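Structure first, then comments.
The values are calculated or read from the model by the stated rules, or taken from the named source; none is laboratory data. Just so you know, these numbers come straight off a predicted model, no measurement behind them. Here the Cβ positions follow ideal geometry from the backbone for every residue, glycine too, while neighbour counts run over all protein chains shown.
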Ligand code: 3H9
């Protein structure tokens, strides 16, 4: 293709070149072609150029680099607006008197998809993804997307895309009418060819003017959709605003629908939830950045992974690597355990395939990369070995001693411990620089969080390797220092301690759990204990009863798996309050001389959530987390803290740190010796500062 380049201006992210009578408008705004002010201005100028040039009969809008426009530039949010606004840009494209074709590769997301919807035609590579993820930022598509998308893709599809934020593939986009043609390769030349084919078609198809998919919409679809997703959307403001905006598209003319969309967009934009969710978007990306590393630290190659232990954790950990096409050798002590573990892995994969999220071939491919073994020596040539056995220091030390003797030099030796001291484990080897913690969360093949524990001697390239690898296996990794429970479990501890004391003082498990669920957590501390197993960490002596947990375990109330724990469970695992547990709590209170009283919900918040913030502050002041936002990432991805509250530290900032301190002071006496103030929290509160930016 020989093109005439009109405007090779590198300072401007938008350049144009002509191929015959087609004007190719190219964006080059790395890393993701976000629609910042210069891009918006460039796009409008390019359309004006096409209008003014009689030799131009059609336009193709495309992007260089890894992706089509991935949306509005989020870094501009909250700053004074720079014209033109994205809605005006999209309108200008649609109003062009010459056909405009969007050529999509990578991801057309948010404002990027809205630009594509402003174009008269859309062609895409089959690998492209299309989506409106604004809801994940607590927003809605605010450049006409909620009005154009249902007109083009259909109401149900638009509802799903806008309210869940999940992207669809180009093929699905083609099937629903969002994409006009799939292009196998050489996107831009083929898009130009397509533009040449349609250059004389009039009237131009404008998304805002399409009506039939709206007209045929069943009005009941909105309520049905709300009901279907009520659980998923609980607590969030943005999904319902998205649904309402799409509803406007069906009930009002386009010109009124966009006004309603704008109103809803501005409401969301000024709310705390969208601030929290935008904060979290950047927090997640910041977590990947490691501080104090020598410049140019290169990762070690990891082509083969070893996993020790084929239990629930070992199996789940292995699946992460297999799914990323990295071969795994899994070691167990006996054949039965090995077979059981690999059997569970296969079953999990097959269940995923049954849901249509994997093909049978992919299942076989993943399992084909697995080498089960009873021979410890088989781990010798692995580049990374992750130990996932009992949480017992002696056992771990024994394994690391063996690893040190067995595996090749340069291999990374990782422990999946959730509490134990990595430095102590590393000290039994002759290569502590190669030892690191990789704390996966259960179920390890599902949960996104990975705490990477940096020991005192962990080498920088080990850290870089593990952080890089975590992205490959689709985890969000956070660096933690060596302390009991690292970031997540350490912050969990004061919550558990206070929640249990509150039971003795007069609260019920139902009340404590309700307060947490109403706050937005998926479950409260006692529901969580029942799910995980009340017996975890129990001393196994039914005659030694020192606390409520011992008492429950002694009578076989080990949680959901036994049909009884803090709650009674029916055969469908539905919980009901237990009079037996209530009696145990009251007996304990009497024995310990605790006077029972009415506990308010506010007290529960102060003693279980404010204490977590205090512990988070201690973690920060001790340097066990790199930044406050990392602790937020841990809590959102590891424990289901509602992302619309940003994480414990962001939430504390919204409450006001002085209010947190005041609340803790109110409770200080009741919390007794279990509690001490974080100096950082006190200092920041006194200075009127925040944890997060
Ligand atoms: C919107 O469009 C509103 C409109 O409807 C209405 C307006 C009126 N802006 O994720 P990565 C940065 S709302 C600014 O690691 P990947 C990101 O911070 C927007 N920056 O790459 C990171 O920076 P750094 C709707 C952005 O390959 C770097 O790019 N769109 C934006 O794993 C690389 O990002 C979205 O919500 C942005 N929009 O994934 C899409 N996006 O290197 C958001 C990314 O300094 N983006 N950055 O850490 C994504 O989902 C992913 O970035 C994407 C690439 C899938 C595109």
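Being within 12 Å of the ligand (Cβ to nearest atom) and more than 12 Å from residue 161 (Cβ to Cβ) is the filter here, so list the residues in the range 121-135 that pass it.
Residue satisfying the conditions is 128 alone.
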Can you tell me how many residues within the range 563-584 are surrounded by 11 or more Cβ atoms within 10 Å (Cβ to Cβ), part of a loop (DSSP other than H, G, I, E, B) and either on the phi < 0 side of the Ramachandran plot or touching a residue at least 12 places away in the same chain (Cβ under 8 Å) (or both)?
4
For the range 271-299, which residues satisfy the criterion of being closer than 30 Å to residue 635 by Cβ, part of a loop (DSSP other than H, G, I, E, B) and either away from the ligand (no atom under 14 Å from the Cβ) or assigned by TED's automatic domain parsing to the domain that holds residue 213 (or both)?
271, 291, 292, 293, 297, 299
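Can you tell me which residues in the range 585-602 are in a helix (DSSP H, G or I), over 23 Å from residue 550 (Cβ atoms) and touching a helix residue (DSSP H, G or I) at 6+ places or on another chain (Cβ under 7 Å)?
The answer is 601, and nothing else.
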Taking helices (runs of 4 or more DSSP H) that fall entirely within the range 187-231, which contain at least 2 residues that are modelled with pLDDT of 95 or more and closer than 20 Å to residue 252 by Cα?
221-228
Select from the range 530-546 the residues that are buried (at least 24 other Cβ atoms within 10 Å of the Cβ) and outside any loop (DSSP other than H, G, I, E, B) and list them in ascending order.
530
Single condition residue 127 does not satisfy, out of (1) in a loop (DSSP other than H, G, I, E, B); (2) touching a strand residue (DSSP E or B) at 6+ places or on another chain (Cβ under 9 Å); (3) crowded, with 18+ Cβ neighbours inside 10 Å
(3)
Checked 78, 71 against criteria (more than 26 Å from residue 197 (Cβ to Cβ) and touching a strand residue (DSSP E or B) at 6+ places or on another chain (Cβ under 8 Å)); the one match is 71
Filter pass, residue 627 being surrounded by fewer than 22 Cβ atoms within 10 Å (Cβ to Cβ) and either modelled with pLDDT of 95 or more or more than 22 Å from the chain's Cα centre (by Cα) (or both)
yes
Given the structure, is residue 139 within 16 Å of the ligand (Cβ to nearest atom), closer than 23 Å to residue 73 by Cα and assigned by TED's automatic domain parsing to the domain that holds residue 255?
yes
